[in-house]
Amino acid sequence: MHELRIETLDPIKMPLVTRLYKSHYPSGKAKSNEKTIVAYNNNTLIGVVRFRPIEQYQLLTGMLVVPEHRGKGVGHELMKHCRHQVLDTDVYCFAYQHLESFYSQHGFTTIEAEALPNNLNQLFNRYTRSGKCLIPMHFLPDKS
């Protein structure tokens, strides 16, 4: 990794994220109302994490790191950036089971679905009824 740069996406650059999703995660789609944090390596877009507003809350809706850059810490760097710029106690995520420990390392705590705010609980139930195996998590920064 030569030069990793992480920043909030300028909305005018949304087509870059759309193209990245089409290439690596066809069923995913970035939306203009989401806060989108991106990672560049030598000015090439290699990672993205998105936060969807739902009433007063934010839902971490997706993280994508280009396959050839996985395992190099890009996801961790994106989350470290988000911890300082985006994450607060109004942020939740629905993690795939294999990513629970990843998000736990960055301040998310596994919770019961019933502990989700009502609007997020309804969304979580809709996702899980459609067959997705997800774990509800809430960002709770360390008290230390």
*asked:* If you take every residue apart from residue 5 with its C-beta less than 15 Å away from the C-beta of residue 5, what net charge results, scoring Lys and Arg +1 and Asp and Glu -1?
replied: -1
*asked:* Using only the heavy atoms of the protein chains and a 1.4 Å probe, how would 87, 140 rank by accessible area, largest first?
replied: 140, 87
*Note down the magnitude of the dipole of region 80-144 about its Cα centre, charges +1 on Lys and Arg C-beta and -1 on Asp and Glu C-beta and zero elsewhere, to the nearest 20 debye.*
200 debye
*asked:* Under 8 Å for C-alpha pairs, at least 6 residues apart: give me the relative contact order for the chain, rounded to a whole percent.
replied: 19 percent
*Express the accessible area of the chain per residue in Å², computed with a 1.4 Å probe while the remaining protein chains stay in the model.*
57 Å²
*What FRET efficiency comes out for the pair residue 56/residue 3, r = Cβ-Cβ distance, R0 = 30 Å, nearest 0.05?*
0.25
*What FRET efficiency, computed as 1/(1 + (r/R0)^6) with R0 = 41 Å and r the Cβ-Cβ distance, is obtained for residue 122 and residue 42, rounded to the nearest 0.05?*
0.45
*Say each of residue 14 and residue 29 gets a label point 7 Å from the Cα, pointing the same way as Cα to Cβ; how far apart are those two points in nm?*
1.2 nm
*Go through 40, 18, 6 and say which Cα lies farthest out towards the positive end of the charge dipole of the chain; charges sit on Cβ, +1 for Lys and Arg, -1 for Asp and Glu.*
18
*Angle, helix 118-129 long axis vs. longest principal axis of the chain, Cα atoms, 0 to 90°, nearest 10?*
80 degrees
*At each listed q (0.21 Å⁻¹), what is the log10 of I(q)/I(0) that the Debye formula gives for region 1-68 modelled as equal alpha-carbon point scatterers?*
-0.85
*Once you charge only the Cβ atoms, +1 for Lys and Arg and -1 for Asp and Glu, what is the size of the charge dipole of the chain about its Cα centre, to the nearest 20 debye?*
500 debye
_Estimated distance in nm for a label pair at residue 100 and residue 132, the labels positioned 7 Å out from Cα along Cα-to-Cβ_ = 1.7 nm
*Among beta bridges that DSSP assigns inside region 60-144, antiparallel share in %, nearest 5*: 90 percent
*If we count every other residue with Cβ under 15 angstrom of residue 24's Cβ, Lys/Arg +1 and Asp/Glu -1, where does the sum land?*
+4
_Using the Cα centre of region 1-68 as the reference point, and only Cβ charges (+1 on K/R, -1 on D/E), how large is the resulting charge dipole? Debye, rounded to the nearest 20._
240 debye
*Check the chain and count each lysine pair with an alpha-carbon distance under 21 angstrom, considering only pairs eight or more places apart or from different chains.*
12
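The values are calculated or read from the model by the stated rules, or taken from the named source; none is laboratory data. A quick note: this is a predicted structure, and the numbers were derived from the prediction, not measured. Using ideal geometry, Cβ is built from the backbone for each residue, glycine included, and neighbour counts are taken over all protein chains shown. Note: accessible area is taken over every heavy atom of the protein model, side chains too, but ligands, DNA and RNA are not part of it. Shrake-Rupley method; radii C 1.70, N 1.55, O 1.52, S 1.80 Å.
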